[in-house]
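The block underneath contains the structure these notes are about, expressed in structure tokens.
The values are calculated or read from the model by the stated rules, or taken from the named source; none is laboratory data. In this text the structure is predicted, and so the values were computed from the model without any measurement. Backbone-built Cβ (ideal geometry, glycine too); neighbour counts: all protein chains shown. These accessible areas exclude ligands, DNA and RNA; they are computed on the full protein's heavy atoms, side chains included. Shrake-Rupley method; radii C 1.70, N 1.55, O 1.52, S 1.80 Å.
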Amino acid sequence: MARRAGAETYPARLRKSAHRVRSTLRRSGVDYFRGDGSDWIALAALLLIIPAVTCGTLLNPVWCSPTALVLPIVAGGLVLRPASLLGLYAAAAAALIVESVRLGPFKDGTVGVTPGTVLTVAACGFFGLVLAQFRARVGVPWRRGGTMLFDLRERIRVQSALPRLPQGWHREMSLRPAGGQSFSGDFVVAARTNGGRTLEAVLTDVSGKGMDAGSRALLLSGAFGGLLGSLPPHGFLPAANGYLLRQDWDEGFATSIHLVLDLESGDYELLSAGHPPALQLHAGSGRWEEMAAEGPLLGVYDGAQFDAVKGSLAPGDVLMLFTDGLVETSERDMAEGIDRLTGEADRYVSTGFEGAAWHLIEACAKDVNDDRALLLLSRKS
């Protein structure tokens, strides 16, 4: 009975030990991928690759060149911390010395460790160490850096989504960052308030462009989205102005235009903070009208006042809100850009404005090195 109990407990203990080992390795792998754990697994793997590469070089230096040592060095620069990277470099240097001794002195026509080989390996090691120190300073491992940027871009996109409108209304938004980048200093936040009867939309242009303004645009879009609908319409821009002033950014100003639209009557109010005017197409006359509200830039001084301008969208009318990148460049002023925009928009009067926002940016400011955004609302006749 004692021997049977020992036989039964030994496999059980073995299974428990194996389970603990698997759990430890799995937990270490997950922590390492998240950037929270040790990098000993990657270091051990790379340290095993170095002697394998060295053996290959000694056996067949023609097919496995001494410069092949740059492969684990480059991989280490991407996955290891600076302290671990120095240990890897020491192993690579030892391997390079062994190769130099075993292959003998370099002569013309022979394969060996040349001064160029040493310089190539050293240069790759230097740049790998710079990358590792940068990651350590930022605190974002390379495995998560791209994911974080993707998440930031998706958050801006989701926060800029326009709510559904009742039948008889059409809305669309098109955004084009500067230089073909994924991040933009232009964004829109919108919500239906007053029991769904009112549409509030805020189009904002943060100072700067592209990735330089993307982080501030993400922060402001979240803050503005929280303010929108929580305050009376005339209290939004003063609250947004106070929020920017509290950030105390070196380049902290922004322009913004706030639309408050009654979806039943078509009446609306526009409040502007240094933003280009909106454009309204009157279906009856076929003419475009600039709707310019008065107000200073956001984040410049406290106690700013923002005066509203009122209008109404009749059936068939169109309202366009846009940022200055769409109508203003170093070669043309805003008035000329607005004329070009309305001229291009006239082509859609007969066919309807569905899908027109993207095409208008393409036609008016395709190659402009600035963020461009266009919000289009139309009331169907």
Within the stretch 315-331, which residues are open to solvent by 40 Å² or more (accessible area, probe 1.4 Å) and either of a type outside the set (S, T, N, Q) or within 18 Å of Phe187 (Cβ to Cβ) (or both)? Pro315, Asp324, Glu328, Glu331
Restricting attention to the stretch 287-303, which residues are open to solvent by less than 80 Å² (accessible area, probe 1.4 Å), under 33 Å from the mean Cα position of the chain (by Cα) and either closer than 30 Å to Val349 by Cα or at pLDDT 90 or above (or both)? Met291, Ala292, Ala293, Gly295, Pro296, Leu297, Leu298
Residues of the stretch 211-233 satisfying the condition of being part of a helix (DSSP H, G or I) and not aliphatic (A, V, I, L, M): Asp212, Gly214, Ser215, Arg216, Ser221, Gly222, Phe224, Gly225, Gly226, Pro233
Take the residues in the stretch 332-381 that are among the charged types (D, E, K, R) and open to solvent by less than 20 Å² (accessible area, probe 1.4 Å); name whichever of them is nearest to Gly214 (Cα to Cα). Asp371
So which residues in the stretch 158-216 are small (Gly, Ala, Ser), at pLDDT 90 or above and under 28 Å from Leu245 (Cβ atoms)? Ala190, Ala191, Ala201
For helices (runs of 4 or more DSSP H) lying entirely in the stretch 1-112, having 3 or more residues that are at pLDDT 75 or above and within 17 Å of Gly125 (Cα to Cα) picks out 40-59, 70-79, 82-103
Do we have Val309 as in contact with a Leu (Cβ under 6 Å, 6 or more places away or on another chain), closer than 17 Å to Ala373 by Cβ and β-branched (Val, Ile, Thr) here? no
Of the residues that make up the stretch 352-366, is at least one modelled with pLDDT under 90, over 25 Å from Ala161 (Cβ atoms) and out of contact with any helix residue (DSSP H, G or I) (no Cβ under 8 Å at 6 or more places or on another chain)? no
For the stretch 258-274, name all the residues that are in contact with a Phe, Trp or Tyr (Cβ under 9 Å, 6 or more places away or on another chain) and either outside any loop (DSSP other than H, G, I, E, B) or on the phi < 0 side of the Ramachandran plot (or both). His258, Leu259, Val260, Leu261, Asp262, Leu263, Leu271, Ser272, Ala273
